[in-house]
Amino acid sequence: MSSQQEKEIQRRRTFGIISHPDAGKTTLTEKLLLFGGAIQMAGAVKSRKTSQHAVSDWMAIEQERGISVTSSVMKFNYRDFEVNLLDTPGHQDFSEDTYRVLTAVDSALMVIDNAKGVETQTEKLMEVCRMRNTPVITFINKLDREGLEPLEILADIEDKLQIECTPLSWPIGMGKGFKGVYDLYRRELQLFTPGQTVRPQDRIVITDLDDPQLDAALGRQADKLRGDIELLQGAANPFDLTEYLKASQSPVFFGSAINNFGVKELLDAFVELAPCPGPRATVTRMVAPEEEQFSGFTFKIQANMNPAHRDRIAFFRICSGKFTRGMKVRHHRLGKEVALANATIFMAQDRSNIEEAWPGDIIGIHNHGTIKIGDTFSDKEELKFTGIPNFAPEHFRRVILRNPLKMKQLNKGLMQLAEEGAVQLFRPILGSDYILGAVGVLQFEVTMSRLKVEYGVEAISEAAPYGAARWISCPDRKKLDEFKAKNQGNLALDAEGQLAFLAASEWRLNYTMENSPDIVFHKTREYS
Ligand code: G4P
């Protein structure tokens with residue numbers, strides 16, 4: 001490994017922001033990008049949600065509903081760090097997409113609304129982080145509004161999310177009485193002035209809480225802060241970097257994203273504490289970022305980002321080695337060598353072509369359908385990164401084509417959307433219908449709308465008689481054939497030709513499972 005590679009790895013931070021919709025993820029993203037100098041103007045990210053011409057707002061449905069359906073990647077520099085921020089859809093119906101995005105990060109930032117505490121989607125997203133042992137920093141937002149008591153929120157997080165909290169900053173009042181935060185990490189007081197979004201750099205350094213400066217700045221609230229901190233010292237465990245990196249402790253910050261308050265403290269601590277790119281598992285071995293050989297995997301495909309070009313972008317996380325423009329790599333699924341000539345890096349303002357990139361970086365590779373989710377590229381060695389699953393769908397629809405002459409476009413559209421992970425596609429062994437499967441029902445709406453807009457296909461989706469699905473396998477060929485013969489009417493092939501069992505209900509599925517002890521039923525399937 002070159003010393004440059006070591007340096008580049010050390011200064012990279014690749015993370016995702018997770019939150020329940022409306023907690024303030026977009027607002028916080030925007031402020032973080034402002035600090036990174038990546039955007040000049042407040043409102044630039046926010047406008048993605050509403051503007052017709054915005055970069056990631058390419059999907060009409062996203063605009064109509066004001067939700068973030070797709071996730072995008074933004075890169076910015078802060079101090080000496082290169083930060084890759086991966087945005088995730090907050091809406092629960094797109095949790096599969098979120099899961100895949102989180103396979104490409106090294107840590108996460110969780111935003112919580114101080115009036116709401118832990119919400120359902122926060123719980124789900126945190127579950128994903130726990131499955132992967134992703135370290136999480138917490139930001140409690142909207143302190144400029146009345147909300148729950150800080151200790152109550154911490155208890156709520158510990159209770160519902162099963163992670164120990166350790167505050168690194170502490171709020172002084174809230175709502176109209178919000179005075180600021182005390183930075184427990186640096187022992188500094190930062191005062192809040194409502195409506196001021198450019199924060200003065202001067203903070204009051206208070207190492208001893210009995211310092212009369214505290215009374216001068218906070219008046220009667222000084223004693224409350226002293227009491228709170230005393231209570232905290234007794235109740236909360238001290239911050240322990242190893243525990244955070246092991247994902248068993250989450251450092252907590254308080255602030256107000258819209259007022260740009262507490263955000264810089266959060267970002268400073270984030271770059272200092274969050275892990276740099278780490279090793280990744282493949283089927284055969286762990287791959288360390290320091291290795292010289294280039295390797296990485298595709299975690300997301302986005303088609304037709306620019307309708308004028310009708311191309312597809314594969315989002316590719318570099319796991320080891322160095323990327324240089326035009327380099328030749330092995331595309332293992334196809335068993336072919338390909339040249340990565342046309343790669344993009346997602347700078348926050350714009351996409352730009354890159355000359356080189358390092359582990360932790362996300363590059364976008366233009367292609368016409370040759371790259372799928374889960375595809376691994378490397379210099380030579382045959383590798384296959386693991387942990388990028390499909391989840392068994394819970395909702396099903398049959399696709400009815402309005403104009404039979406558009407069958408070819410329908411096939412193409414559905415295949416591409418399935419490869420992109422927007423929806424799952426099944427062809428029953430008996431019959432010729434297409435069955436769509438999804439984890440969240442909004443995925444169907446997105447699919448139908450995209451079929452129309454991007455592929456010119458007028459189709460409708462109607463209820464299908466299924467309620468549960470599992471991929472199936474069996475080491476004993478004969479037993480599998482017997483099962484197939486008996487259950488033909490419930491078998492289907494997915495977009496990658498894998499055999500799946502579609503059941504009318506969860507109850508029917510369990511019944512079949514109990515009566516078929518030789519068959520293995522899989523709730524998730526890794527991309528092959
Ligand atoms: P999301 O991406 O997590 O869905 O949340 P987003 O940033 O869009 O924020 C949701 C709402 O919360 C927005 O209000 C936003 O202005 C507000 N918000 C974000 N941070 C703070 C904060 O620190 N304090 C307060 N008081 N509000 C905050 P909105 O009315 O839905 O949108 P808009 O009309 O302000 O654009």
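The values are calculated or read from the model by the stated rules, or taken from the named source; none is laboratory data. Predicted model, so just to flag it, every value in this text is computed and none were measured. Counting neighbours? That spans all protein chains shown, and the Cβs are built from the backbone with ideal geometry, glycine included. In case anyone asks, the SASA skips ligands and DNA or RNA and just uses the protein heavy atoms, side chains included. Shrake-Rupley method; radii C 1.70, N 1.55, O 1.52, S 1.80 Å.
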If you take just the strands (runs of 3 or more DSSP E) that sit entirely in the stretch 1-96, which of them hold at least 3 residues that are at pLDDT 90 or above and not β-branched (Val, Ile, Thr)? 12-19, 81-87
Here is a list of conditions, (1) surrounded by 13 or more Cβ atoms within 10 Å (Cβ to Cβ); (2) touching a Lys or Arg at 6+ places or on another chain (Cβ under 9 Å); (3) not assigned by TED's automatic domain parsing to the domain that holds residue 316, and residue 297 meets all of them except one; can you say which number that is? (3)
Would you check which residues across the stretch 427-450 are more than 25 Å from the chain's Cα centre (by Cα) and either among the acidic types (Asp, Glu) or open to solvent by less than 40 Å² (accessible area, probe 1.4 Å) (or both) and list them? 428, 433, 434, 435
Taking residue 104 as meeting all but one of (1) touching a Gly at 6+ places or on another chain (Cβ under 7 Å); (2) in a loop (DSSP other than H, G, I, E, B); (3) hydrophobic (A, V, I, L, M, F, W, C), write down the number of the exception. (1)
In this structure, is residue 120 surrounded by 21 or more Cβ atoms within 10 Å (Cβ to Cβ) and either charged (D, E, K, R) or within 16 Å of the ligand (Cβ to nearest atom) (or both)? no
Complete set of residues in the stretch 114-167 that are touching a His at 6+ places or on another chain (Cβ under 8 Å) and basic (Lys, Arg): 116
